[in-house]
Amino acid sequence: MLTTGVIILIAGLYLGGLFLLAFWSERRAARGRGGFISSPLVYTLSLAVYCTSWTFYGAVGSASRSGLEFLTIYLGPTLVVMAWWFLLRKLVRISKAQRITSIADFISARYGKSASISALVTIVSVAVVAPYIALQLKAVAASVDALAGLHQAATVDVHGRSILADTGFWVAVCMAVFTILFGTRNQSADERQPGVVAAIAFESIVKLLSLGAIAVFAIYGMNSGLGELFDRADWHEGVQRLTTLQEDFETRWLVTLFLSAAAFICLPRQFHVGIVENTNERHLATASWMFPLYLLLVSLFVIPIAISGMTQLPETVNPDLYVLMVPQSAGQTELALIAFIGGLSAATSMVIVSSIAMSIMISNHLVTPLLLRLSVFSQQRTADFSKVLILVRRLSIIAILSLGFIYYYSIGTTSPLASIGLISFAGVAQFLPALIGGVYWEGGTKSGALTGLIAGFALWTYTLLVPSFAGAGWGFISVLDEGPFGIALLQPDALFGLAGWDPLVHGLTWSLTANVILYVAVSLFSRQSPLERLQSAVFINAFDRSRTGVEGAIPRSAAPEDLFRLARRILGRERADQLFADYAKSRGVERRADLPATDPALIVYVERALAGSIGAASARSLVARIAKGETISLESVIQILDETQEAIRYSRELEKKSRELEKTARQLREANAQLTELDRMKDDFLSRVSHELRTPMTSIRSFSEMLVEQGAEGGAAALEGEQAQRFLSIIQHESVRLTRLLDQILDLNRMENGQLDWELQEVDLADIAREAAETMRGLAQNGDVALIDGLGDARLPVLADPDRLKQVFVNLLSNAIKFNDAAERGGAAKVWLELERRPAGSGGAVCAVAIRDNGPGVPPAEQQTLFSKFSRGWKEGSRRPTGSGLGLAISKQIMLQFGGELLMTASSPAGSSFAVRLPHAERALQAAQTDAAPETGPEAGPEAAPEAAAE
Amino acid sequence: MRRRRLRDAAAALPIGALLIFTPPYMRVFDQNAELFGVPLLHVSLFALWFLGLFLSALLARALIAAEEEDQSPVEAPDADDRPADVER
């Protein structure tokens, strides 16, 4: 058996380890390596602070006492996180936008940043959380005693022990030190405290593993497996309760399910870890399944421990301590210690987070408003308030933990763990109407929320807290038995004669009913102040991005310098400088001094930043003192809201219009570019044509002039007939060239306009190509170019005008020969005439011949315009042998007229390749017959491609 | 359209889970039967719980993906909108 001293030593070592972990995490984060702190896993584990020692010990106790009902405590939060898309996400979105610091701040901000609401919620929270903290201390103290074998029957009896000998006291002190050291580093609530977060996440893992270990031991250590465990149900009434549903479990089931769901949102610590400290909405998505998994595992582990405890431990053992006593009774001291560490983790994590959340609430909503009223702090030129704020936070931590300890110390042995927990849940559930109504019902007013909260809290105190005090022996016995002043109708546990109900159901029904009814009724009969109206619009339309800036539209004015001084006073010099530097940057201004004198957006910005430190209500009252401006009227707020709506619609329309305009403009730009290019080419063409025409004209003119002059001088020095003959032949040659050029231009023009109508007849493409090759053979020999005919005896029937088609081949061949410089580069110039490999997808319906050369290729820059009539031949500086330069353009036009195509299939410095493609004659005929009819698919036509073409 | 369906599913899942885990329906599983030596009530409760969180995981992924899609900048109009290139 362990002694108390050893147990406390182990607990001390564990807490010491926690300090080290927190310290190490802070160091890591300070060096910028705290990334894991903001992972969704750590977020989910921090949500698991929901599972306190009440879960760890109490759930097993509850399962043993009242059966499956304990499941509701875990099903409630499961349902809430599953519905994250609607509730949690909205709460997170609002809290980020409004820099919310706590649940009190949230509710107060919604109802016009009311200081009274935040103060009321804070007081209720203190009243609820103090017993809850007491519960944790009690659990730790009880577990130490149980481990040491002091008490197995009663939970813990602290009376007659000095405070210093009390484990609960030392745990409270340790937690106070821890929280002060690691939990008050940052002044604003939404900045994470890496040390604390790491510790909480770690403790969540420890408690899960520890509970799991005990559960496994209960199944396989105490029993031979699941079968044996559940067989015990047959003879044990308690196990029966746990494996079937009770006769009338419905009401309590529903009530506890509702309570746990409500508590998961409304408990200050849950709101803190789940909403305020959420760094990323995406984390909710992960938590929506990971957190239910955590809860499922916890519930799964509880059952075997409870069954084993009920059936295998003496009846005198307190069910709340089964987790410890199951291994302990089997002599497994190490396992019992693991269980103890798990319970300690559960307790300490709850105490840490609760005291942080409560210290923020107490300092922001109770102490700060009072301090700011003192003349010392209200004056403009006073010392840094941020240091005072941190001090207040630290004192608040000590205060809330002291309160918890006092409660624990005086309540003693009574009340099993679960009932205190549920009473706390019922207390925070009173926030629910104001919270849910606040984010979904625009009509909720401050008066309504305030009345509802007060009534609900009062009835909660009267129907739930007073009986529990009476049970603890703190008086009220007469009130409980006979009703106040002997009025039996007002008995706390049977209000207005509703006797015989479960006390929890009774208390919750009365308090929550009164709360909801008054909230709704008073809201209906009261008016919202302008600020409330504004805030309710912002809260309810939290996902409407354009609504978030509404507050900035209120015309207010304050000197930036005043705002800066205020910020410096509250946030400290460093953060205020940073704040204004950021703002100036976002406005594109260099220095603070350059900010515009009156800027409503700046006022809102500063107010938000202050709210992140001291809460919305205090921030508002501070800013209101220096922001001169009109008092906001309801009309102006409604107008602003309407205007925003209007502006949104208007801006959407504008956006659409501008997108259309942009599209049109782009099309116009493109069209314009094309036109300009065409225009340029036209000019180019004209100047080229003129030049081309001029050269023969000049020679015709000069030679004819010479002839005329000679003739005028008479026969004396008459030209010799031979020379005159030569001149005339030049003149004739030049005029032929001139005519040909003009013919070509006219031809091209007519072809482009579709004015030429040729008689198409069936010819053989290969034959025509061969003929052309024969024609060009002379030229090829002159140029030392080998012309290789690779057509073989292929037959390619097509529809075409043979002369024109020949012209195309002649043109291509002459180009290939003329431009071939392979010989100059030290090789043998070659031009191939061959069948083109069947173009993909043509299905044999296309006849194609390729002309390939090993010349220099077409420069990439000219490939685009190769077939236009303004092409290479027309370009200045190009090597330009004879020819009009219209050749390729005309060829292309001819091919198009025949329904075929002419294209360059490849070009590289190693040579280029052109393809002449025409539809197969039969296909072409078919197409001509079904001229207007829809296109016939390739499979409709006969597979009439010649065998040769397929090669 | 897909987004709306997802939204509806996000509402349907917790509501369905709520119905299953509350009285009249809970009674359905309260049979005097065992599965692998474990009461049917426990098996079915935990199985449904697990199914619920499994669906929740799937849904969360889809919701996040849909939201990301939503937030991505408006895509440039399709290439079809451009005037066809003039070849000749």
Qualifying residue in the range A:701-710 (condition: within 11 Å of chain B (Cβ to nearest Cβ) and open to solvent by less than 100 Å² (accessible area, probe 1.4 Å)): no
Selection status of A:ASN811, assigned to a helix (DSSP H, G or I) and in contact with a strand residue (DSSP E or B) (Cβ under 9 Å, 6 or more places away or on another chain): no
Residue satisfying all of: in the range A:248-260; open to solvent by 10 Å² or more (accessible area, probe 1.4 Å) and within 17 Å of A:SER64 (Cβ to Cβ); farthest from the other protein chains (Cβ to nearest Cβ) among these: A:ARG252
Flag if A:LEU120 is among the aliphatic types (A, V, I, L, M), in a helix (DSSP H, G or I) and within 14 Å of chain B (Cβ to nearest Cβ): no
Qualifying residue in the range A:735-747 (condition: in contact (Cβ under 8 Å) with a residue 24 or more places away in the chain and part of a loop (DSSP other than H, G, I, E, B)): no
Matching residues in the range B:41-67 - criterion: being more than 7 Å from chain A (Cβ to nearest Cβ) and hydroxyl-bearing (Ser, Thr, Tyr): B:SER44
Criterion (at pLDDT 85 or above and more than 26 Å from A:LEU925 (Cβ to Cβ)) met by exactly one of A:GLN723, A:GLN732, A:GLN744: A:GLN732
Members of the range A:1-58 found to be of a type in the set (Ser, Thr, Tyr) and closer than 18 Å to A:GLN136 by Cβ, listed by number: A:TYR14, A:SER46, A:TYR50, A:THR52, A:SER53, A:THR55, A:TYR57
Some residue of the range A:51-63 being within 14 Å of chain B (Cβ to nearest Cβ) and either open to solvent by less than 10 Å² (accessible area, probe 1.4 Å) or closer than 21 Å to A:VAL197 by Cβ (or both): yes
Among (1) without any contact (Cβ under 8 Å) to a residue 40 or more places away in the chain; (2) not assigned by TED's automatic domain parsing to the domain that holds A:GLY899, the one test that A:ASP764 misses: (2)
Helices (runs of 4 or more DSSP H) within the range A:230-299 that include 2 or more residues in contact with a helix residue (DSSP H, G or I) (Cβ under 6 Å, 6 or more places away or on another chain) and under 22 Å from A:VAL323 (Cβ atoms): A:237-243, A:250-266
Inter-residue pairs, beta-carbon under 6 Å, first surrounded by 13 or more Cβ atoms within 10 Å (Cβ to Cβ) and at pLDDT 80 or above and in the range A:570-593, second assigned to a helix (DSSP H, G or I) and not polar (S, T, N, Q), 6+ apart: A:ALA576/A:ALA567; A:ALA576/A:ARG568; A:LEU579/A:ALA567; A:LEU579/A:ALA609; A:PHE580/A:PHE564; A:PHE580/A:ARG592; A:TYR583/A:TYR605; A:ALA584/A:ARG592
Single residue of A:GLU334, A:GLU315, A:GLU281 found to be within 14 Å of chain B (Cβ to nearest Cβ), surrounded by fewer than 23 Cβ atoms within 10 Å (Cβ to Cβ) and more than 18 Å from A:THR55 (Cβ to Cβ): A:GLU281
From the options A:THR256, A:THR279, residue that is over 23 Å from B:MET26 (Cα atoms) and of a type in the set (Ser, Thr, Tyr): A:THR279
Test: residue in the range A:9-28 that is out of contact with any Ser or Thr (no Cβ under 9 Å at 6 or more places or on another chain), assigned to a loop (DSSP other than H, G, I, E, B) and at pLDDT 85 or above: no
Flag if A:TYR74 is in a helix (DSSP H, G or I) and either charged (D, E, K, R) or away from chain B (no Cβ under 14 Å) (or both): no
Looking only at the range A:674-700, and only at residues there that are under 21 Å from A:SER735 (Cα atoms) and of a type in the set (S, T, N, Q), the one that is least open to solvent (accessible area, probe 1.4 Å): A:SER699
Only listed residue being surrounded by fewer than 22 Cβ atoms within 10 Å (Cβ to Cβ), modelled with pLDDT under 90 and within 14 Å of chain B (Cβ to nearest Cβ), chosen from A:LEU229, A:LEU245, A:LEU293: A:LEU245
Residue satisfying all of: in the range B:8-30; at pLDDT below 85 and open to solvent by 90 Å² or more (accessible area, probe 1.4 Å); nearest to the other protein chains (Cβ to nearest Cβ) among these: B:PRO24
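The values are calculated or read from the model by the stated rules, or taken from the named source; none is laboratory data. Here the structure is a predicted model, which means the values were calculated and not measured. Cβ sites come from the backbone with ideal geometry, for glycine too, and all protein chains shown count toward neighbours. The accessibility values were calculated without ligands, DNA or RNA, using every heavy atom of the protein model including side chains. Shrake-Rupley method; radii C 1.70, N 1.55, O 1.52, S 1.80 Å.
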